[in-house]
Amino acid sequence: MLVSILHRATGSGLALVGTVLLVGWLAAAAAGEASYAAFMDWFTLADGRTNIVGYVLGIGLTWSLFQHIANGVRHLFMDAGANFELHRNKASAKATMVVSVLATLALWAYLIMGK
């Protein structure tokens, strides 16, 4: 039940938050340099480092994406007629949680250490 709810919530969250951020970024870029700088101030500090808001949104959206993808793959197997046994179904549900957290940690470790 948890992964089903998370699948819907992450899909809606990605669509809503991702769309708002993308449209805001595009509108700020189209409005000129001052508007774009004001938009980017929400995500970066004066010295160019990422602001906490940027990290929270970035990590949250990344985890949501990986969770949504992992559960989507799980549902592809279920649509093919596999994974309906209770034990395997629960194990794959737990695996989506583990995969999404590990993938998020791996990506952000790479992004942070790469700087």
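Since every read-out is calculated from the coordinates, none of them should be taken as a lab result. Keep in mind that what you see is a predicted model, and the values were worked out from it rather than measured. In this analysis, Cβ positions are derived from the backbone assuming ideal geometry, glycine residues included, and neighbour counts consider all displayed protein chains.
Data overview
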| read-out | value |
| --- | --- |
| Given charges at Cβ of Lys, Arg, Asp, Glu: region 2-114 dipole, positive-most of 62, 29, 9 | 9 |
| Rough spin-label spacing in nm, given labels placed 7 Å along Cα→Cβ, for residue 42 and residue 2 | 3.1 nm |
| Pairwise centroid distance, computed over Cα atoms, of region 4-31 with region 76-115, Å | 22 Å |
| Length released on extending from residue 49 to residue 77, taking residue separation times 0.36 nm less the Cα-Cα span | 5.9 nm |
| Under Karplus coefficients 6.51, -1.76 and 1.60, residue-wise ³J(HN,Hα) of region 96-113 in Hz, glycine/proline x | 4, 5, 5, 4, 5, 5, 5, 5, 5, 4, 5, 5, 6, 5, 4, 5, 6, 6 |
| The chain: most fluctuating residue of 28, 38, 15 per GNM, C-alpha cutoff 10 Å | 38 |
| Point-to-point label distance, residue 112-residue 12, nm (Cα→Cβ direction, 7 Å offset) | 3.0 nm |
| The chain: relative contact order as a whole-number percent, Cα under 8 Å and 6+ apart | 29 percent |
| Qualifying trypsin sites (Lys or Arg not before Pro) in region 34-103, DSSP loop, other Cβ atoms within 10 Å at most 11 | 49 |
